[in-house]
1. Arrange the peptides 109-118, 140-149 so that the one whose residues have, on average, the most other Cβ atoms within 10 Å appears first.
2. Please tell me the relative contact order of region 39-171 in percent, rounded to the nearest whole number, where contacts are Cα pairs under 8 Å and at least six residues apart.
3. Once you treat every alpha carbon in region 1-84 as an equal point and sum by Debye, what is log10 I(q)/I(0) at q = 0.11, 0.17 Å⁻¹?
4. Under a Cβ-only charge scheme (Lys and Arg +1, Asp and Glu -1), can you give me the dipole magnitude of the chain about the Cα centre, in debye to the nearest 20?
5. Lysines within cross-link reach of LYS105: Cα-Cα under 19 Å, excluding same-chain residues under 8 positions apart?
6. Grab the alpha carbons of region 51-171, take their convex hull, and tell me the volume per residue in Å³.
Amino acid sequence: VTENLDILSDRKKVMQWYIDLIRDTFDSHNFQNIELVGYYWFHEAMEPKDTESMELINCVADMVHEKDCDFFWIPYFTANGYDAWAEYGFDVAVMQPNYVFDLEKPYSNITNCANLTQLYGMGVEMEICTEALTDMNFFKRYMQYVAGGVEYGYMTDTVVMYYQSVYDFRD
């Protein structure tokens with residue numbers, strides 16, 4: 001089947017097909033120690049003033065909920081739409097402070113992220129980069145995430161998700 005992804009109704013069909021495929025494939029394996037609890041929206045920001053995106057994501061949220069699953073989103077730091085995550089139909093949203101990957105980013109990314117996520121009922125994503133394994137400057141930044149989580153409560157009072165960049169060991 002070929003769908004025209006410029007047409008909203010066709011995008012909805014494709015999303016329904018994908019959600020069904022994931023659920024059916026997962027169920028066919030009869031896993032004993034793992035459970036499919038949700039789906040993750042990959043795009044980290046919403047398109048401003050794009051009503052079709054809102055409609056599509058709301059529709060996808062309904063599809064996910066019909067499968068008795070949760071719908072997750074992880075926007076980057078102050079990404080467009082982060083403050084309206086619930087209006088899009090997400091059950092859980094956590095924001096990336098985007099601090100650990102760039103030595104020029106100010107520590108205020110952590111404090112501001114903690115304040116914004118608390119204000120909007122979100123969690124915080126704990127990020128670690130490969131360089132933190134070999135470079136003390138990046139390691140210290142990661143430890144500031146951890147310490148900030150304790151100080152500002154995002155390690156204990158909310159949902160926490162984790163991201164670790166991948167190191168290519170083939171070199």
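Computed from the coordinates by the stated procedures, all read-outs in this text should not be read as laboratory data. Just so it is clear, the model here is predicted, and its values are computed rather than measured. FYI the Cβ positions are ideal-geometry reconstructions off the backbone, even for glycines, and counts take in every protein chain you see.
1. Details: 109-118: 19.0, 140-149: 17.2.
Ranked from most to least packed, the peptides come out as 109-118, 140-149.
2. Numbers: 202 pairs, mean separation 26.5, N = 133.
Rounded, it is 20 percent for region 39-171.
3. The computed values of log10 I(q)/I(0) come out as -0.36, -0.79.
4. Working: 10 positive and 29 negative charges, 76 e Å.
My answer is approximately 360 debye.
5. LYS105 reaches LYS140.
6. 136
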